[in-house]
Each structure stands twice: as C-alpha cells, then as structure tokens.
Amino acid sequence: MWKTCKNLFAFALALCLLLPAPSAWADEEDFPGWITPEIEPRFAEPGTQSAPLLRAAPLPESYGFSRGEDGTLEVYGQTPVRNQGSNGACWAFSTFAAAEAGLLRAGVGAPDLSETHMIYSAIRYDNSGSDTGNAEQGYPTRLSQGGNILYAASYLMRGTKLGGTLAEADDPYVSSALPFRSVTETSARGEHRKYTVRNIPIITGKKKDIYDPSNPDNISAVEMAEIKRAVQSFGAVSTSIYWSTTGTNYNPKTGAYYASRQYAANHAVAVVGWNDAYSSENFLVTPPGDGAWLIKNSWGTGADKGEGGSGYYWVSYYDKRIGEWTYAIDGVTDFDPAASVYEYDYRLDDTLKGYDAYVVCFPANRVEQLTEVKIMLDSPAEFQISVCADYIPGDARELSMEDFSLVQTVRKENPGFYTIPLENPVIIAGEFFAVRVSFLSDAEETEIYSYKKDSFPRLDTETGSYSAVFAHRPEDEEWGLVRTSNISVPCIKAVTVPFEGIYIRNAQTDAGLLSVAVDSGTPIQATVVAASYLDGRMLKISSSSIMFTPGQNLAELALSLYEGQDCKVFLLDAASGQPLCPVWEGPS
C-alpha cells in the first residue's frame, strides 16, 4: 500500500514540475475563449468563376509593420493593444480589433468599442450560472466561457438595443470579472449605440490543412492568400488559433509562436500583417519553412507579451490552427437612431438549404422607405430581392408573386453577413410589407443562416393571425412554411427610415370623381393637378389645393375618364409651383 502511495506521490510531483507556473496564464483567459462553431460555411472551389479575390494583384512579401532604426517593431493602422484579463472574451476583442482597424481607415480618430456590451448582449448566463433573462437573443453559455463568429455576427447585425455597437466609455470593460447584470441594464446601455456594422465577410472556415507557401496549389495556400488580401482590404481580420504558452510553442525572447500539433482552436486574435521572410529560427521548434503572421493579441503589453512587450506576436505560417474561421468587419458606419430594423432572427442557430425563395413579412410602423435588406449567407450566392410594399396577410396558398416588384439582383462570392443597400428605395405606406429573396444559385448548394424558434412569427389582423415567413421548395413548386428539426426562421432583415417626402400611390375614377391616394411623410400644402389625355392631346384638367398630413391622404377632383383615355397626376408646391414628386401616370 505504502509503495503504491509513494509511486503516486512521485508521479504527482513529477507532473507538477512539468506543468507551467500559474503566472504563465495569470494575465490570459482562464477559460478557452473560442468555441468552434458547429456550422461549417461552404466556399466556391478554387479556380472556379466564383472563387473570390484570386484575380487580385500580386501580394507583397511583408505588410502591416515596419522597423525603427533600432529594429523596434512598429505596427501601423491599429488601435492600442487591449487587455481582456482573465475572462474568456478573446472572441469579442479580436472582432473589435478588426472593426477598429476599419474605423481608423475611415478617418475615425482613436476608436475604442465596447466588448462588454457585446458579451452581455450575446450570452444568456452570468459566471455563476444565473439566467440574466436574455433567452431570446443570448446563447446558452456563461460570460467567461467564450464565443465565436456567430455570437459576434448575431450581435452586430441586430436592430435591437442588444445590438450595436457602443463606445467603450458607454459600457467600460472590467478585466477582473464580469459580474451578474440583467438584460434590462444591458438593453438600457444600448441607448448609447454609436456604430452599425454593415458587412462581415467570412474569409475561411474550418482549416483543411497546414499552410504551405511553397505549394501554390495547396488549398490552404489559397486560403492563406485570401487572408492576406483581406488584411490589405480591411486593415485586420479576426481568426482563431490553438494557444498554449506551455512547452515549446512560444518563444518569449522573439514573441514567436508555433504549435506543431493540431489541437482544437481555443483562442481568437486579429491578423494585422505578415512577413514571408520571417525566419524559422525565431521559433523554439523550427517549422518547415520561413514566414509568419503578425497578430494583435488581447493580453495587454509588457514583459513576455509578444515581440518586445508590444502585445503583437508572430505566428508561423505552418502553425496547425492559425487561420481557421477568419472573418473581416467591413463598412462600420454611424448609428442612425431614425432607422428601424425589422427582424425575427436574433441569434444564428442553424442553416437552411433546399429552398429557392423565402418571403418574410412585417407590420409597418409608419410611412417609411425601405432602404436596405440584411441577409446572412452560409455559402456563396446569387439572388434577387423583391418587395411587396402593401402586403395583405394570408396563408401560403394566397401568396401571389405578382404583388412583388423586383428591386435588384445581388451576387456574393463569400459566405457572410451582408447589408444590401437598395438602388431604388421602396416607399412603405401600407399596414404590412414583405421582402422576397429568390436564389438564382442552386437551391441545394445555397445555404442561409437561420434562427430556431418555438413557433413561427405571426401577423395579427382583424380577420385572423397569419404566418410571417414562407419558403418555396423548387421540386414542390409550392409555397409553405420553413421547417427543420425545429422551426427555423431565415435570417433576412429589412431596414427602413422615415419617409419625409410625398408620393402618389394611385388614382382611380368613380362617378365623375378622380380619387388620388397620396402618402406624405411630413405636413405640406400642395396643389393636386390631374389631366386626361387621348392620343397625346390634353382633354380635361382639374386641380385642388390640399393640406396633406403624415400618412395616407385622399384627394378628390372632378375629372371623368373614358375608355382609351390616359391620366396624369401632378403634385406641386402650393407656394412655388415646383413639382414635389414624380408624375403619376395611368390608364383610364
């Protein structure tokens, strides 16, 4: 018995001597900060017409840094290195490192975004396991147990107060702990939203092989070029990596890191540059060749924090995990408090495919302009956006495509989360409106992200309650409800702004009166002029001065139309006589 205990004691002592001192991780995340997504994006095959970025100019040997006269590393185009402390929050810090690089390029001085608000908005439980009340929009994990691109994208693309983003000063980060905070408080902080993220293109998904710069046909070498071009285009990208400072992975003298074994990714960093000539001799274990990524970490600066204590590290091209799940933050713009985001999809849970079209319907709040459509794609896609500005709720059998007007055709080469600005904004003046997304790409190959719900969102009317989401399966040639193992809502959002102009919806005659329906976004005194034509000759004209109020208005003029006659209606400013909107034209 004693011999057995003595052997166990010796084994335990040896194990303790082999393990790193606690200080090795003292300022790093205690929990793995990156949770590998279960959803795997699909990319176009290299060499195909839709493969992105490969037609760009040759890449430079190095990018993102320079050397001072004394050889000191000087990184350009980045905000200061942050410190996440002991929380598993690297996914938020790497995301905002990429976003802040884009803001710097856009001329915003010293941007600093709130990781705290993103973390509390995207997660359901605090560190003790208490429910914060964020079941609908938060993922079922704890504050310090990590996140990933789906957490970040769900938050950044939402229109609720649990979306954003905020400036750091409006919800500061406390690196020592993330205590309990109710969803009510987090939502209240959301009143201070400062920026909106428009696009999150996904550059790479799960890593298929180590990068091999010597073999240009290697799939991972192709991905490596994509990452470099993305860094050039956006300033920085977020990526995941397996990180451990134990053993021979990390050389604190040079700030060089290389993991030669393929463990699961557990950390997220920002790639800000590269050096093809970075010597393999800088690593404790020599990789197969030269070359390294320059990464911005979120463990602060100081002794042993990257090269020269700068907080920037070099990671070998041949590292077994670097470059997995890489994404960029594109088009960070000022938050518009007047805009509304219509949505049912608050959290990315699943994907849908096999449908060639979706219709998502919304109740309108006011007379407004539909200016953008947001869509979240898990694959390259080509699709058309159509809109029904005055949708009448009904069941799937009553869904008529004749009610939808084509707005534009869109092609996206990479999976990702996109805001599509409409070339011709659509005026929404009815009680309901609907957005249709029709895929021109193969329905079985095109995937869209979705949000699992207990039941479909409904549109309540005086005549009944109707589904707000429909899908079309090409083999059925019928519209129906979207169903997976759980009910799933496609991630399609509509963005509107208040309509401040004036617009002629339609005109029709009855018993010698011409009724003109006019939508106005502001009070205005206008003169309505209507004229009838036959073969280009004006036959009759009638006018009336009317005070239009916000909303839908009805003007009546004495004007009869007969078969074969056409009608034109003009709205003129009562004071200046200048046109207020395009002329309405229609048959009798």
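No other residue among Ser187, Ser182 is over 24 Å from Lys493 (Cα atoms) and either at pLDDT 95 or above or not assigned by TED's automatic domain parsing to the domain that holds Gly416 (or both) apart from Ser182.
Residue-wise test of (1) out of contact with any Asp or Glu (no Cβ under 7 Å at 6 or more places or on another chain); (2) outside any loop (DSSP other than H, G, I, E, B); (3) not aliphatic (A, V, I, L, M).
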residue	(1), (2), (3)
Ser128	yes, no, yes
Glu136	yes, no, yes
Gln145	yes, no, yes
Ala153	yes, yes, no
Thr160	yes, no, yes
Thr165	yes, no, yes
Ala169	yes, yes, no
Val174	yes, no, no
Ala177	yes, no, no
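Conditions tested, residue by residue: (1) in the same structural domain as Arg321 (by TED's automatic domain parsing); (2) closer than 25 Å to Asn215 by Cβ; (3) surrounded by fewer than 14 Cβ atoms within 10 Å (Cβ to Cβ).
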{"site": "Gln262", "(1), (2), (3)": "yes, yes, yes"}
{"site": "His267", "(1), (2), (3)": "yes, no, no"}
{"site": "Val271", "(1), (2), (3)": "yes, yes, no"}
{"site": "Trp274", "(1), (2), (3)": "yes, yes, no"}
{"site": "Asn282", "(1), (2), (3)": "yes, yes, no"}
{"site": "Pro288", "(1), (2), (3)": "yes, yes, no"}
{"site": "Trp293", "(1), (2), (3)": "yes, yes, no"}
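Conditions tested, residue by residue: (1) within 29 Å of Asn249 (Cα to Cα); (2) out of contact with any Leu (no Cβ under 6 Å at 6 or more places or on another chain); (3) modelled with pLDDT of 95 or more.
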| residue | (1), (2), (3) |
| --- | --- |
| Ser310 | yes, no, yes |
| Gly323 | yes, yes, no |
| Gly331 | no, yes, no |
| Asp336 | no, yes, yes |
| Asp349 | no, yes, no |
| Lys374 | no, yes, yes |
| Tyr391 | no, yes, no |
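Take Ala381 and decide whether it is under 24 Å from the mean Cα position of the chain (by Cα) and farther than 16 Å from Trp479 by Cβ. Criteria met by Ala381. Here Ala99 qualifies as modelled with pLDDT of 95 or more, hydrophobic (A, V, I, L, M, F, W, C) and more than 19 Å from Asp345 (Cα to Cα).
Sub-7 Å Cβ pairs linking a first residue in the range 394-405 that is at negative phi and in the same structural domain as Cys361 (by TED's automatic domain parsing) to a second residue that is of a type in the set (Val, Ile, Thr) and surrounded by 13 or more Cβ atoms within 10 Å (Cβ to Cβ), at least 6 apart or interchain, are Leu399/Val359; Phe404/Val387; Ser405/Val387, ordered by first then second residue. Picking from residues in the range 380-423 that are basic (Lys, Arg) and not in a helix (DSSP H, G or I), the one that is nearest to Ile203 (Cα to Cα) is Lys412.
If you go through the range 208-236 and pick out every residue that is part of a loop (DSSP other than H, G, I, E, B) and either crowded, with 22+ Cβ neighbours inside 10 Å or outside the structural domain of Lys320 (by TED's automatic domain parsing) (or both), you end up with 3. A single member of Tyr355, Tyr318 is closer than 22 Å to Phe439 by Cβ, assigned to a loop (DSSP other than H, G, I, E, B) and over 17 Å from the mean Cα position of the chain (by Cα), and it is Tyr355. The residue of the range 133-147 that is modelled with the lowest pLDDT, among those that are farther than 17 Å from Lys452 by Cα and surrounded by 24 or more Cβ atoms within 10 Å (Cβ to Cβ), is Leu143.
The set of residues from the range 443-461 being modelled with pLDDT of 90 or more and not polar (S, T, N, Q) comprises Ala443, Glu444, Glu445, Glu447, Ile448, Tyr449, Tyr451, Lys452, Pro457, Arg458, Leu459, Asp460. Selection of the range 393-431 for residues being of a type in the set (D, E, K, R), over 27 Å from Glu500 (Cβ atoms) and modelled with pLDDT of 90 or more yields Arg411, Lys412, Glu413. For residues that are surrounded by 23 or more Cβ atoms within 10 Å (Cβ to Cβ) and within 26 Å of Glu74 (Cα to Cα), scanning just the range 322-352, find the one that is nearest to the chain's Cα centre (by Cα). So, considering only residues that are surrounded by 23 or more Cβ atoms within 10 Å (Cβ to Cβ) and within 26 Å of Glu74 (Cα to Cα), the one nearest to the chain's Cα centre (by Cα) is Ile329. Looking at Tyr449, Tyr466, Tyr503, just one residue is of a type in the set (Phe, Trp, Tyr), in a strand (DSSP E or B), in contact (Cβ under 8 Å) with a residue 60 or more places away in the chain and buried (at least 22 other Cβ atoms within 10 Å of the Cβ), and that residue is Tyr449.
Scanning the range 63-107 for residues that are farther than 15 Å from Gly306 by Cβ, in contact with a Phe, Trp or Tyr (Cβ under 9 Å, 6 or more places away or on another chain) and assigned to a loop (DSSP other than H, G, I, E, B) yields a total of 7.
Here's the yes/no breakdown for (1) touching an Asp or Glu at 6+ places or on another chain (Cβ under 8 Å); (2) assigned to a strand (DSSP E or B); (3) over 23 Å from Pro58 (Cβ atoms); (4) touching a residue at least 12 places away in the same chain (Cβ under 8 Å):
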residue: Ala270; (1), (2), (3), (4): no, yes, yes, yes
residue: Glu281; (1), (2), (3), (4): no, no, yes, no
residue: Thr286; (1), (2), (3), (4): no, no, yes, no
residue: Thr301; (1), (2), (3), (4): no, no, yes, yes
residue: Tyr313; (1), (2), (3), (4): yes, yes, yes, yes
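Counting the residues of the range 108-125 that are part of a strand (DSSP E or B) and acidic (Asp, Glu) gives 0.
Yes/no per residue for (1) touching a residue at least 60 places away in the same chain (Cβ under 8 Å); (2) not assigned by TED's automatic domain parsing to the domain that holds Lys374:
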| site | (1), (2) |
| --- | --- |
| Cys491 | yes, no |
| Ala511 | no, yes |
| Val528 | no, yes |
| Gly536 | no, yes |
| Ser542 | no, yes |
| Gln552 | yes, yes |
| Lys568 | no, yes |
| Ser576 | no, yes |
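The values are calculated or read from the model by the stated rules, or taken from the named source; none is laboratory data. Being a predicted model, the structure only gives us computed values, none of them experimental. In this analysis, Cβ positions are derived from the backbone assuming ideal geometry, glycine residues included, and neighbour counts consider all displayed protein chains.
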